[in-house]
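The values are calculated or read from the model by the stated rules, or taken from the named source; none is laboratory data. Since the structure is predicted, the reported quantities are computational estimates derived from the model, not experimental observations. Cβ placement follows ideal geometry from the backbone for every residue including glycine, while neighbour counts extend to all protein chains displayed. Accessible surface is based on the protein model in full, side chains and every heavy atom, while ligands, DNA and RNA are left aside. Shrake-Rupley method; radii C 1.70, N 1.55, O 1.52, S 1.80 Å.
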Amino acid sequence: MKNQSSNTVFDVDTIRKDFPILSRTVNGKPLIYLDNAATSQTPQQVVDVIVDYYSNYNANIHRGVHSLSQEATDKYENARRTIQQHFNAAHAHEIIFTSGTTHSINLVANGFASLLNANDTILVSALEHHSNIVPWQMLCEKTKATLKVIPMTSEGDLDMKVYDELLLLKPKLVFVNHISNALGTINPIEEMIQKAHHVGAAILIDGAQACPHIKPDVQKLDVDFYVTSGHKMCGPTGVGMLYAKESWLHKLPPYQGGGEMIAEVTFEKTTYAGLPHKFEAGTPNICGGIAFGAAIDYMNSIGFEAIAAYEHELLEYATEKMNTIEGMRIYGPKTNKTSVISFNIEGVHAYDLGTIVDKLGIAIRTGQHCAQPIMDFFKISGTARASFSFYNTKKEIDTLVEGLEKAAMMLR
Amino acid sequence: MNIETIQADLIDEFSIFDDWMERYEYMIELGKSLPMIASEFKTDDNIIKGCQSKVWLHAELENDTVVFTADSDAIITKGIVAILIRVFSNQSPETILKTNTDFIDEIGLKEHLSPTRANGLVSMIKKIKMYALAYQTQIGL
Ligand SMILES: Cc1ncc(COP(=O)(O)O)c(C=O)c1O
């Protein structure tokens, strides 16, 4: 597989054949998987890579001179380069393997603990996932720095006027997600990055929801930190990455101590290994890292432009169809969003809705989506969320709409 | 009424349905007919928060039996709440403490009592038992 977008016509039926799970049944009905924003499904090509690893070259990396260890190390480092190229990082050692977005964020937050003091301010957007709020709260508790929130407008966009005002406080750090998981809002990160740098702030972008749909260029963005998870982009769970500019990786202290991350150890003093190993203590998720690389190859073989265009078509189709349901309310922006629909049907609790459509084989997410502040903003206890991926079809959306209508009839 | 009889009645009532939709519709009906908890008891103190749905539970002792009233914001949860109330309310603390919820499995609604479902029902059962224990101590039975 080559790491480039292909020009082949987008054929969803052929693509679906890559995903064995899509042909199973749930509660006696064909599975319709619309919880892609929580985790994506895994194509056979990636499953094969996982099986190949454990069947043929499972070994610890960076430690052995024996052939298996060398093979595993080569594949692991190749995956790092695949990720580097995909995100267009300047160096492979700017890609740190982590267990996922949450781990990546904690790694940075922990590093900043030694760089902040009580006079400092950090900004976080109101659209964040809990995993992008709690580590900063903990950081502020530790350093006594102040946490300020960039609020939302009633449309579900970030309020850029208030952002400008908050930047006058000269924050040290800004944290914002590229795309919101609860609403699908695409944030204007280019502008936010530029403005943050203008006042000397570093900025971390949480790309967990963006990377399944678009291909970010970290150099063009000029972003300081960019984080994501493999399991949202056709890869396995338990692996993700932190991109950080080399200069930041030198400035930040290591997150965890252990094997792999040291150069020399005596009881008096340990010197740390160079990048990226300084941040990769212990035996990593070797197979996961290699499979993450394979997942990126797989997505590139379909092509991100083709993916985005098709998903946009699905989103428009679903929005129109779902709006025909009586009492439908869709939250968040109308345009400038990815293929996520967060909604409620008047007089029906989201939990009930999710329970009934599950009986019909349809998987949607219900609840607060780890984004309680957003739910509080709309004064609701939760929403139902259907999120579409490039392997979903319009026919599945028709079935969803029928299912929602049936559920609403039962529940009202 | 005897707690075993109530359970047998419920299993019987649900056994006439052969598909899940009818079973759910009946459960939803039971939920809708659940006597409302008095608004003065629908307080934050009486709330059991699951992250998906909420349950309110209030208990009172009447003639040595425990009377439960309850509510939920989700109608399916409320249906199960109604079933639990029908079984456990108006029973002696001793009976409540020695009765389990296996009848829910027999009705075919087991999935709703899974601790990972976060709908508040598992905590509700725990609370029912805690009330029973407290009243048992109070009346010294
Ligand atoms: C925007 C966003 N940030 C962070 C996370 C957390 O990712 P993970 O659980 O893979 O660490 C998610 C996952 O739902 C997310 O959507």
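Here are a few things to note about the model shown:
- Surrounding net charge for residue A:194, when Lys and Arg each add one and Asp and Glu each subtract one, Cβ distance under 14 Å: -3
- Full extension of the segment from residue A:48 to residue A:262, taken as 0.36 nm per residue of separation minus the current Cα-Cα distance, would add 73.7 nm.
- For the segment A:354-362, counting C-beta atoms of other chains within 10 Å of every residue's C-beta and taking the mean gives 3.
- Other residues lying with their Cβ under 9 Å from the Cβ of residue A:44 contribute a combined charge of -1, Lys and Arg counting +1, Asp and Glu -1.
- Its DSSP H runs of at least 4 residues, each contributing -39,500 (n - 2.57), put the calculated 222 nm mean residue ellipticity of the protein assembly as shown at -12500 deg cm²/dmol, to the nearest 500.
- Note, ³J(HN,Hα) from phi for the range A:398-412, Karplus 6.51, -1.76, 1.60, rounded to Hz, x at Gly and Pro: 4, 5, 4, 5, 4, x, 5, 5, 4, 4, 4, 5, 5, 8, 7
- Given R0 = 60 Å, the distance between the Cβ atoms of residue A:144 and residue B:129 translates into a calculated FRET efficiency of 0.85.
- Mean separation of Cα pairs under 8 Å and 6 or more residues apart, divided by the residue count, gives chain A a relative contact order of 24 percent.
- Cα gyration tensor shape for the range A:131-196, rounded if a/c is under 1.5, else prolate or oblate: oblate
- Note on residue A:239: accessible area approximately 0 square angstrom, rounded to 10, probe 1.4 Å, nucleic acids and ligands left out.
- Chain B shape via C-alpha gyration tensor axes, a/c threshold 1.5: oblate
- Distant-in-sequence amide contacts of residue B:74, defined by a placed amide H-H separation under 5 Å and a gap of 5 or more residues or a different chain, comprise B:54.
- Violating pairs (Cα-Cα greater than 31 angstrom) within the set A:144/A:337; A:232/A:394; A:232/A:278: A:144/A:337
- Where the range B:1-109 is the region considered: accessible area per residue in Å², 1.4 Å probe: 47 Å²
- At a probe radius of 1.4 angstrom, the accessible area of chain A per residue rounds to 41 square angstrom.
- Of the GluC sites (Glu not before Pro) in the range A:319-352, the ones in a loop by DSSP (not H, G, I, E or B) with at most 16 other beta carbons within 10 Å are A:326, A:346.
- Listing of the range B:44-90 residues, each with accessible area lower by at least 50 Å² in the full protein assembly than in the chain alone (probe 1.4 Å): B:52, B:76
- Accessible area buried between chains A and B, both sides summed, probe 1.4 Å, in Å² to nearest 100: 1500 Å²
- Electrostatic dipole magnitude of the range A:1-116 [Cβ: Lys, Arg +1; Asp, Glu -1; Cα centre; debye, to 20]: 120 debye
- Share antiparallel - DSSP beta bridges, the protein assembly as shown, percent rounded to 5: 70 percent
- Within-14-Å neighbourhood charge of residue B:140 [Cβ basis; K, R +1; D, E -1]: -2
- Distance violations [Cα-Cα > 30 Å] among A:161/A:395; B:32/B:110; A:334/A:379; A:172/A:220; A:359/A:395; A:172/A:334: A:161/A:395; A:172/A:334
- For the range A:251-265, Karplus couplings with θ = phi - 60° (6.51, -1.76, 1.60), whole Hz, Gly/Pro x: 6, 6, x, x, 8, 10, x, x, x, 6, 9, 10, 9, 8, 10
- Partners for residue A:195 among aspartates and glutamates (Cα-Cα distance below 20 Å; same-chain residues under 8 apart left out): A:120, A:128, A:157, A:159, A:164, A:165, A:206, A:217, A:222, A:224
- Shape call, the range A:99-216: gyration tensor on alpha carbons, a/c limit 1.5: oblate
- Apportionment of accessible area to carbon and sulfur, the protein assembly as shown, percent (1.4 Å): 51 percent
- Partner aspartates and glutamates for residue B:78 [C-alpha distance under 16 Å; skip if fewer than 8 residues away on the same chain]: A:352, B:25, B:29, B:111
- Label-point gap, in nm, between residue A:29 and residue A:398 - each point 7 angstrom along Cα→Cβ: 1.5 nm
- Protein-only accessible surface at a 1.4 angstrom probe places the residues A:24, A:16 in the order A:24, A:16, largest first.
- Binning the C-alpha pair distances of the protein assembly as shown at 10 Å intervals from 0 yields a P(r) profile of 3, 16, 23, 22, 18, 12, 5, 1 %, listed from the shortest bin outward.
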